[in-house]
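Undergrad: Take a look at the following structure, please.
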Amino acid sequence: MAHKGLIFGIFLAPFHRVGDNPTLAIARDMELIQWLDHLGYDEAWIGEHHSAGWELIASPELIIAAAAERTRNIRLGSGVTSLPYHHPLMVANRFVQLDHMTRGRAMLGVGPGALVSDAYMLGIAPDTQRRRMDESLDAITRLLACEEPVTMKTDWFEMNQARLHLAPYTHPRFPIAVASTLTPAGMQAAGRYGLGVLSLGAGIPGGPDALANQWKIAEDEAAKAGRTMDRKDWRLVINMHTAEDDELAIEQVKVGERIETVTYFEDTLGRPPGRADDPLREGVKMGTTLVGSPDTVSRGIEKLIENSKGGIGGVMFRAHEWADREKTMKSFELFARWVMPRFQGSLDTVVASREWTKSNRRTIFSPNVAAIAKAYTDAGKPIPEEYKTRLAGARD
């Protein structure tokens, strides 16, 4: 199956093992973004977290500003800004400023807040977070439209004739995407406000099979608001690691994956332990984890596209440190070299040119080789064996 124009990037929470030097961990995150920019990846989405030890970045805006100065092309977004934690005018103003500072490479990813411990410290009841996200999105999209002053009053923020000091650099505004797992809330918000989607649910059990229904939720909500959804703005978030062959890829990440899953998601966050004897291989089998050779990873992406029932805009890989630093960087390079072109159309003309040359070699090469052979004959010199072989090949 041929695909063109798919975008690729990372979803950088980040995930760093407790006990690792946090200063160096954040520095590695910056180096990874620079490496991806060099390799031609399209986007990097940087998370916001305030507790639980593993996800160390509190302000994605600071990372975006610093990374923008060290990169040339990669687009940089928050993955995600937890809207209930911030006054919406401040969110809008900060990302408009980043839009200008990056010359249009900034993106805003939004969500209700992933860690209950963050919300608890801020005194936010978990059952209010999705409502607050929706209220904040309403305010932010109205502010970014720059059409009229915005006056709003909710139980957690107030705006009086609020307007942006700066209009967005990007016209009409920079990209905005809503994080979604398996609940309807994220897809509904995306549809209601005409935004993109970051589908984190693609990488959890049952997620790939639910993709088509998830998108329909967004389309139905968009229709109610008189909008249409664009699949080009739909990004799937999933784990990936590539090596030269399947077994090598599994071997490189199996210890790190278990450490992350058990010590963070199960022991720290309380997720029930998995029941599979070999969770990593089971994830590969289910399509929720892409670990293997470039061919295997390509087939996994094809399957995700198939499950979407109509296509997606891109795939973001959840940045992890399951493998050591060298193997992690090489994984992204292998993907950029051997997988990315298959989904971006950049191989089509190269392959076609080779096939055309091969199929026409008798008419194209034979006269040239014959002319060289004649030159030797006219000079009374024996034709070298090399040219005899090439002449015979050109005639075949």
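Undergrad: Has region 334-344 got at least one residue that is at pLDDT 90 or above, of a type in the set (Gly, Ala, Ser) and not in a helix (DSSP H, G or I)?
TA: The answer is no; no qualifying residue exists.
Undergrad: A further question on this structure: Ala179 passes all but one of (1) part of a helix (DSSP H, G or I); (2) modelled with pLDDT of 95 or more; (3) surrounded by 15 or more Cβ atoms within 10 Å (Cβ to Cβ); which number fails?
TA: Unmet for Ala179, out of (1) part of a helix (DSSP H, G or I); (2) modelled with pLDDT of 95 or more; (3) surrounded by 15 or more Cβ atoms within 10 Å (Cβ to Cβ): (1).
Undergrad: For region 284-341, give me each residue that is closer than 21 Å to Arg258 by Cα and of a type in the set (Asp, Glu).
TA: Answer for region 284-341, where residues must be closer than 21 Å to Arg258 by Cα and of a type in the set (Asp, Glu): Glu321, Asp324, Glu326.
Undergrad: State which residue pairs qualify: first residue under 20 Å from Lys327 (Cβ atoms) and inside region 253-278, second residue of a type outside the set (A, V, I, L, M, F, W, C) and modelled with pLDDT under 95 in any location, beta carbons under 8 Å apart, and separation of 6 or more residues or different chains.
TA: Cβ pairs passing all conditions: Glu257/Pro279; Arg258/Pro279; Thr261/Gly274; Thr261/Pro279.
Undergrad: Another one. Take the residues in region 147-170 that are part of a strand (DSSP E or B) and in contact (Cβ under 8 Å) with a residue 24 or more places away in the chain; name whichever of them is nearest to Leu98 (Cα to Cα).
TA: Ala162
Undergrad: Would you call Ala114 part of a loop (DSSP other than H, G, I, E, B) and modelled with pLDDT under 95?
TA: Against the criterion (part of a loop (DSSP other than H, G, I, E, B) and modelled with pLDDT under 95), Ala114 qualifies.
The values are calculated or read from the model by the stated rules, or taken from the named source; none is laboratory data. What you see is a predicted model, and the numbers here were worked out from it, not measured in a lab. Quick reminder, even Gly has a Cβ in these numbers, built from the backbone with ideal geometry, and neighbours come from all protein chains shown.
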